[in-house]
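Worksheet: the structure to be examined is printed underneath.
Each reported figure results from applying straightforward, stated rules to the coordinates on display, with no laboratory input. Owing to the predicted nature of the structure, the values given are computational and were not obtained by experimental measurement. Don't worry about glycine lacking a Cβ; one is built from the backbone with ideal geometry, like all the others, and counts go over all protein chains shown.
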Amino acid sequence: MAVKVFLVRSGEPGSVVGDILSDIGEKQMLVLARFLSKAGQFHPVEIWHGALGASALSAGILREMAAPEAKLVQRRDLHGKLSPESCLAALTEVPHSVAVVADELFLRHLFARITGMDDPDSWETVNGAVTCITANDYYCGLGVMRRRWSLFWMISPRILGTPVPD
């Protein structure tokens with residue numbers, strides 16, 4: 001069975017950047033959580049989030065409405081100014097599905113590392129969007145296991161009819 005990794009960009013932050021969710025940001029996360037709950041494709045065992053308020057609040061909404069059995073895990077390495085290497089190493093080892101809720105800069109760098117892209121600016125996501133990546137382990141010889149990543153699906157707030165500021 002493939003491990004799923006859900007990369008979730010937190011809802012739009014309030015006027016104090018990263019501290020709270022704006023009204024639009026809260027709506028983005030509520031609509032996304034309702035959709036994920038109904039779609040039946042969101043079953044993380046853990047929801048990892050950064051220390052910033054917008055990330056933590058977004059993760060809380062997702063857990064409450066779409067994955068009540070999931071464990072919330074605050075990680076200090078989920079911030080745009082930090083390298084995604086420790087998060088990627090943890091994702092390479094984790095045996096179960098995980099949602100990673102973070103800011104755009106961090107997610108761009110993490111996505112680039114997972115997919116092998118040279119330029120993290122080649123991929124962009126908007127507040128309240130989710131990208132699902134599957135991870136399949138395979139044996140590559142001499143007792144070495146590797147993890148192969150595949151883009152599974154992406155959902156944007158625009159698809160869900162949620163307002164996205166211009």
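When the chain is treated as a GNM with alpha-carbon contacts under 10 Å, the residue of LEU142, LEU107, LEU91 showing the greatest mean-square fluctuation is LEU142. Peptides 66-75, 97-106 ordered by packing proxy, namely the average of other Cβ atoms within 10 Å per residue, highest first: 97-106, 66-75.
Taken along the Cα-to-beta-carbon direction at a fixed 7 Å, the label points for SER37 and ILE159 span 2.0 nm. Expressed to the nearest 5 percent, the antiparallel share of DSSP beta bridges inside the chain is 55 percent. Among the trypsin sites (Lys or Arg not before Pro) in the range 81-126, those placed in a DSSP loop whose Cβ has at most 14 other Cβ atoms within 10 Å are LYS81. Can you tally the net charge around ALA70? Count Lys and Arg as +1, Asp and Glu as -1, for every other residue whose Cβ sits under 13 Å from the Cβ of ALA70. For residues surrounding ALA70, the net value is 0. The largest-to-smallest principal axis extents of the Cα set in the chain are 53, 32, 27 Å. Mean-square fluctuations from a GNM of the chain, with a 10 angstrom spring cutoff on Cα atoms, peak among GLY50, GLY11, GLY141 at GLY141. Between ARG76 and MET117, the simple spin-label model (points 7 angstrom out along Cα→Cβ) gives 2.9 nm.
So if each residue of separation counts as 0.36 nm, and I subtract the Cα-Cα distance between ASP137 and THR92, what length gain in nm does that give? Write down the numbers at each step before the final one.
Details: separation 45, 0.36 × 45 = 16.20 nm, distance 0.92 nm.
Value of the extension gain: 15.3 nm.
Exposure proxy check: THR131, THR92 ranked by fewest other beta carbons within 10 Å?
Details: THR131 21, THR92 15.
By the 10 Å Cβ count, ascending: THR92, THR131.
Summing charges over all other residues whose Cβ lies under 11 Å from the Cβ of ARG147, with Lys and Arg as +1 and Asp and Glu as -1, gives 0. When shorter helices are ignored and each DSSP H run of at least 4 residues is given -39500 (n - 2.57), the per-residue value for the chain at 222 nm works out to -10000 deg cm²/dmol.
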